[in-house]
Amino acid sequence: SRPILVTRAGRAVLILGLALLLGSCFEDGVAEVAEVTVAPEPAPEFAVPLLGADAEFDSKQYAGKIVVLDFWATWCAPCLKEIPTFVKFYNENSDHVEILGLDFEPVNLLVIDEFIERFSINYPLVLYNDNNDSEYSKFGEIVGMPTTQIYNPKGKLLHTFMGEITIEDLNKCITPSS
């Protein structure tokens, strides 16, 4: 077998990715939220079953609204810290913003039910499983938790944040005219 060659730039990207991943996974981590600047890309069309509902989240039905996708996990301390931010923001902006929490781990339904109650989650959640893995993969490689993607009403990717997001971050990039 041949050795894999990695350029200096490739090494730097790998080290940065690992640092962000490790920094965002520890409760005492001091990693700041990283906003990744991206060229506007169209949102992938996707449909996933919603937790606790006989319905699914179909991206086509939210055309005209800002869509915030939050990739999270129950073991991720920064993910837990940002949930109250999403709850508050959704309370204040659900007329023009749709938030979808995409759990990124196989987890017991009882754990999630307790989790929803504990955090008073008021926006739709989707649980990861083998059946929706192909839908999750449409968003590319998620290299750290939490990761938040924000799409404009025309379905173009505006912002990607890695790490805990704040209400200030959301208010800065989401306005009724976004």
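The values are calculated or read from the model by the stated rules, or taken from the named source; none is laboratory data. This is a predicted model, so every value here is computed, not measured. Positions of Cβ are generated from backbone atoms using ideal geometry, with glycine treated the same way; all protein chains shown enter the neighbour counts. Only protein heavy atoms, including side chains, enter the accessible area calculation; ligands, DNA and RNA are left aside. Shrake-Rupley method; radii C 1.70, N 1.55, O 1.52, S 1.80 Å.
Go through the residues of the stretch 120-127 one by one and say whether even a single one is part of a loop (DSSP other than H, G, I, E, B), at pLDDT below 85 and buried (at least 18 other Cβ atoms within 10 Å of the Cβ). Yes, the conditions are met somewhere in the stretch 120-127.
Count of the stretch 132-145 residues, restricted to those that are under 19 Å from residue 48 (Cα atoms) and either at pLDDT 85 or above or in a loop (DSSP other than H, G, I, E, B) (or both), is 4.
Pick from 71, 104, 115: which is open to solvent by 40 Å² or more (accessible area, probe 1.4 Å), farther than 17 Å from residue 174 by Cβ and touching a residue at least 12 places away in the same chain (Cβ under 8 Å)? It would help to see each step written out before you state the result.
Details: 71 fails: open to solvent by 40 Å² or more (accessible area, probe 1.4 Å); 115 fails: open to solvent by 40 Å² or more (accessible area, probe 1.4 Å).
After ruling out the rest, the residue left standing is 104.
Pick from 168, 92, 164: which is more than 20 Å from residue 51 (Cα to Cα), acidic (Asp, Glu), within 14 Å of the chain's Cα centre (by Cα) and open to solvent by 30 Å² or more (accessible area, probe 1.4 Å)? Result of the check over 168, 92, 164: 164. The numbered conditions (1) under 18 Å from residue 60 (Cα atoms); (2) hydrophobic (A, V, I, L, M, F, W, C); (3) open to solvent by 10 Å² or more (accessible area, probe 1.4 Å) are all true for residue 143 except (1).
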